[in-house]
Amino acid sequence: MSKTCTDVICPFCGTLCDDLIVTTDDEGKKILNVENACAIGAEKFLHASDHSHRVTRPQKLQEDGSFKEITYDEAIEYTAQMLANAKKPSMYGWSSTNCESQSVGHEIAELCGALVDNTAAVCHGTTLIAVQNVGIPSCTLGEVKNRADRVIFWGCNPAHAHPRHMSRYSIFPRGYFTGKGQKQRKIIVVDPRPTDTASLADVHLQVEQGYDYELLQALRAAVRGNELTGDIIAGVPKEKVYEAAELLKSGRFGVIFFGMGVTQSLGKDHNIDAAIMLTKDLNDYTKFSIIAMRGHYNVTGSGQVLGWQFGFPYSVDLSRGFARYNPGETGTIEVLKRKEIDAMFVLGSDPGAHFPMECVKEISRLPSVAIDPHITPTTAICKVHVPVAFVGVEVGGNCYRMDNVPIEARKVVEPPEGMMTDEEFLKAVLKRVKELKAN
Amino acid sequence: MDIVKLTLTKVPELYLEAENITPDHFAGKTAQQIGELHVHLGNTTAKISDYFTVEGKGGATAADTKIIISGPTDKVKYIGMKMTAGEIEVQGNTDMYTAAWMAGGKIHVKGNVDSFCAIGMTGGEFIVDGNAKNYLAASYRGDWRGMQGGKVIVKGNAGSDTATFMNGGTIDIGGNVDVHLGTHAEGGKIIVRGNAKGRVGGQMVKGDIFVLGQVERMMPTYILKGEEEVELDGKKQMFHVWIGDMGERHGKRKGEIIYGKIYVPSGKAEAAAPAARAERKKKLTDKQLEQVKEAFKGQEPTVQQVRTYIYDTFDIDMKPMQVSRLIDGLKR
Ligand code: SF4
């Protein structure tokens with residue numbers, strides 16, 4: 001016999017699909033089958049329930065480079081001591097955990113005068129900067145499904161990164177005002193490469209790599225009916241730019257989805273700034289919205305929780321007792337590069353694999369703790385690795401979808417015996433930090 | 001004018017936040033009182049005298065006070081923040097936010113400065129003999145007011161995002177600037193005596209930018225209006241005038257639309273073809289590959305180990321994906 005769990009949330013990408021059906025064995029220990037999820041999502045569930053390869057107790061790095069098992073209590077003590085004694089600790093990650101844990105973590109950060117930063121630092125942080133500069137006209141994915149007849153994918157490739165995005169929301173679904181589905185929508189893809197998403201497009205603008213800003217500004221000028229200089233604009237023929245502008249203006253409801261192709265290429269926040277302004281300009285002719293293709297399933301949530309607690313969405317510096325924010329100064333990569341911090345705490349992210357080598361070396365030099373269910377390049381260089389239960393599989397909690405809609409994740413199986421969750425571990429650390437700070 | 005001499009004697013282990021080093025805070029104080037003022041390092045608070053020796057005394061008012069700072073001040077932030085009058089002279093380099101939100105007086109840094117210097121400046125004079133990094137005279141995040149008045153002179157080069165949201169004042173850069181010069185500007189005057197990297201005046205509403213060297217690639221949304229004789233440095237010169245940004249909103253005066261203007265000296269045509277941006281090579285030579293192979297012979301190295309080794313020995317920062325492909329390749 002087996003048990004079935006319906007309406008399960010997939011804790012993998014920012015699409016946060018909420019229609020999964022998971023079958024477990026009778027005791028609720030092993031996952032037998034996952035329906036509706038895409039290949040990556042299903043793999044996350046099946047992989048989590050295979051306990052044979054998982055570390056179930058914290059480990060500490062020894063002098064000879066090997067790891068030795070320690071108890072959770074020892075790990076809590078080490079973490080609390082490290083954070084309480086540091087002059088400027090950094091607490092980074094937060095994207096692959098629930099909002100409840102983030103909130104506890106921020107309390108620790110406030111007590112210890114730490115920097116709090118999430119993975120937006122290496123993906124959509126630039127989006128947040130642009131939003132502060134010029135605002136954002138946005139909508140939910142439900143509106144896209146029901147209304148959108150012009151869809152732009154700029155510098156993103158959902159065919160691989162958000163596999164069910166296109167079928168659930170953006171290209172194929174038949175909605176209230178979009179009864180004919182894909183036939184009713186015009187898809188524009190802007191990408192230097194012919195990606196799998198581009199193969200579904202009605203128009204593919206093959207922009208010259210690193211010139212998105214020029215193309216966006218040119219589109220804005222074209223929407224206004226202004227002249228442009230040169231026959232080829234950022235790799236695209238001038239007529240095609242004017243045609244694309246007409247196509248956008250002729251729709252009833254349009255949406256721009258953009259990804260790391262624009263947020264992390266030359267120009268960064270300026271690219272998004274221009275994209276948002278293009279959206280605003282198009283609203284003079286029709287209805288247009290813009291949505292960021294967030295990667296981790298709860299990176300949006302981290303921005304939300306930081307936002308309501310401290311007023312800033314990432315790279316928050318609490319070292320002086322009040323919140324300050326300036327990516328470029330208080331971002332984790334910058335402080336590691338400039339050697340501005342003296343302790344590193346990582347939860348729910350893998351800077352060891354994504355940061356520049358200089359920063360990775362700095363992490364390995366500092367007192368450091370990594371909280372992660374897996375063994376990752378980060379856990380391999382941190383002094384202490386604390387394994388925890390998988391959020392969204394072994395413990396529930398609140399998560400935010402890429403369009404800022406909160407969705408409650410569900411627990412489907414039990415974690416391995418005696419394993420702590422992120423929240424339990426952080427609460428224990430908080431208790432100990434309070435004791436240490438009281439003296 | 002009374003002079004206060006600060007000499008940094010202890011290099012801070014992290015970075016020092018010293019927004020109290022301004023003539024405004026020093027005015028009317030003795031050396032000892034100045035030494036008692038706070039500096040901050042991470043979540044700890046220290047005194048100026050913990051890091052600096054203080055000589056002299058402050059003048060009666062800020063305008064009567066001059067501060068001379070020497071020693072290795074590379075790791076000191078916020079010098080001269082929000083100062084309104086008086087003078088500061090720094091013998092060496094300074095870190096971020098030097099002259100930030102400065103309203104009056106004069107700061108002269110003889111070395112280099114880091115990013116975010118002179119942001120939101122409203123008045124006074126800021127002179128740098130060396131180079132400045134990014135966001136010089138720009139706005140604070142989310143603010144629509146960058147530099148609004150005063151004068152910034154950098155003798156060397158400036159980084160990217162210089163003068164974002166500028167709406168007044170003058171910036172004079174002796175060397176080259178990186179991308180995004182005068183983005184969102186709504187006024188003011190920028191002079192670049194070297195070359196500009198590109199995206200000059202993106203989203204500019206109003207204002208003047210002079211580039212005396214070359215613009216690597218002009219924005220497609222700027223249109224060549226013609227030639228004009230303009231006075232610069234007291235000399236009349238011929239300039240090609242480009243107007244834009246055509247994608248941005250613009251105001252009208254007497255029925256005529258006011259655009260942002262970029263002036264490039266006549267005869268110095270814009271670099272026609274965009275210089276291909278130099279891609280940093282991230283490949284190992286055959287010889288280096290051999291060396292890596294030799295170093296990890298008979299072992300099962302992790303990706304991170306190999307990545308560290310390559311970074312340490314060849315100074316090449318490879319992505320973990322590339323490294324793992326490389327290991328697979330070597331195994332075969
Ligand atoms: S699209 Fe994203 S959220 Fe949906 S099942 Fe796939 S990985 Fe999970």
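The values are calculated or read from the model by the stated rules, or taken from the named source; none is laboratory data. All values derive from a computational prediction rather than experimental measurement. We place every Cβ from the backbone using ideal geometry, glycine too, and count neighbours over all the protein chains shown.
Which members of the range A:67-87 meet the condition of being surrounded by fewer than 24 Cβ atoms within 10 Å (Cβ to Cβ) and either within 13 Å of chain B (Cβ to nearest Cβ) or touching a Gly at 6+ places or on another chain (Cβ under 7 Å) (or both)? Residues satisfying the conditions are A:67, A:84, A:85, A:86, A:87. Residue A:132 meets each of the listed conditions (1) in a helix (DSSP H, G or I); (2) touching a residue at least 24 places away in the same chain (Cβ under 8 Å) apart from (2). The set of residues in the range B:292-304 being part of a helix (DSSP H, G or I) and more than 9 Å from chain A (Cβ to nearest Cβ) consists of B:292, B:293, B:294, B:295. Of all residues in the range A:274-286, those that are facing chain B (nearest Cβ under 9 Å) and more than 19 Å from residue B:217 (Cβ to Cβ) total 3.
Only one of the numbered conditions (1) on the phi > 0 side of the Ramachandran plot; (2) free of Cβ contacts under 8 Å to residues at least 40 places away in the same chain; (3) not assigned by the TED database to the domain that holds residue A:426 is violated by residue A:19, and that is (1).
Please go through the range B:113-135 and pick out each residue that is assigned to a strand (DSSP E or B) and either of a type in the set (Asp, Glu) or within 14 Å of chain A (Cβ to nearest Cβ) (or both). Step through it out loud before you land on a result.
Narrowing the range B:113-135 to residues assigned to a strand (DSSP E or B): B:125-128.
If the condition is that a residue be assigned to a strand (DSSP E or B) and either of a type in the set (Asp, Glu) or within 14 Å of chain A (Cβ to nearest Cβ) (or both), then B:125 is the only one that fits.
Of the residues A:367, A:356, which is under 19 Å from the mean Cα position of the chain (by Cα) and not assigned by the TED database to the domain that holds residue A:164? Step through it out loud before you land on a result.
On the way: A:367 fails: under 19 Å from the mean Cα position of the chain (by Cα).
A:356 is the lone residue from the list that is under 19 Å from the mean Cα position of the chain (by Cα) and not assigned by the TED database to the domain that holds residue A:164.
For the range A:344-353, the criterion of being of a type in the set (Asp, Glu), more than 8 Å from chain B (Cβ to nearest Cβ) and either surrounded by 24 or more Cβ atoms within 10 Å (Cβ to Cβ) or under 24 Å from residue B:40 (Cβ atoms) (or both) is met by none of the residues. For the range B:95-107, check the following and say yes or no: at least one residue is touching a residue at least 24 places away in the same chain (Cβ under 8 Å), surrounded by fewer than 21 Cβ atoms within 10 Å (Cβ to Cβ), closer than 19 Å to residue B:73 by Cα and more than 13 Å from chain A (Cβ to nearest Cβ). No; the residues of the range B:95-107 include none that is touching a residue at least 24 places away in the same chain (Cβ under 8 Å), surrounded by fewer than 21 Cβ atoms within 10 Å (Cβ to Cβ), closer than 19 Å to residue B:73 by Cα and more than 13 Å from chain A (Cβ to nearest Cβ). Checked against the criterion of being more than 14 Å from chain B (Cβ to nearest Cβ) and within 15 Å of the ligand (Cβ to nearest atom), the candidates A:58, A:11 yield just one match: A:11.
Output the residues belonging to the range A:14-38 that are more than 8 Å from the ligand (Cβ to nearest atom), out of contact with any Lys or Arg (no Cβ under 8 Å at 6 or more places or on another chain), at pLDDT 90 or above and not acidic (Asp, Glu). Outline the logic, then answer.
Taking the range A:14-38 and keeping what is more than 8 Å from the ligand (Cβ to nearest atom), we get A:18-19, A:21-35.
Next cut, out of contact with any Lys or Arg (no Cβ under 8 Å at 6 or more places or on another chain) only: A:18-19, A:21-22, A:27, A:29-35.
Pick out the ones that are also at pLDDT 90 or above and you get A:18-19, A:21-22, A:31-35.
Answer for the range A:14-38, where residues must be more than 8 Å from the ligand (Cβ to nearest atom), out of contact with any Lys or Arg (no Cβ under 8 Å at 6 or more places or on another chain), at pLDDT 90 or above and not acidic (Asp, Glu): A:21, A:22, A:31, A:32, A:33, A:34.
Applying the criterion of being polar (S, T, N, Q) and within 15 Å of the chain's Cα centre (by Cα) to the residues of the range A:279-305, the residue that is surrounded by the fewest Cβ atoms within 10 Å (Cβ to Cβ) is A:304. Would you check if residue B:138 is surrounded by 24 or more Cβ atoms within 10 Å (Cβ to Cβ), under 13 Å from the mean Cα position of the chain (by Cα), closer than 21 Å to residue B:178 by Cα and more than 14 Å from every other protein chain (Cβ to nearest Cβ)? Answer is no for this residue.
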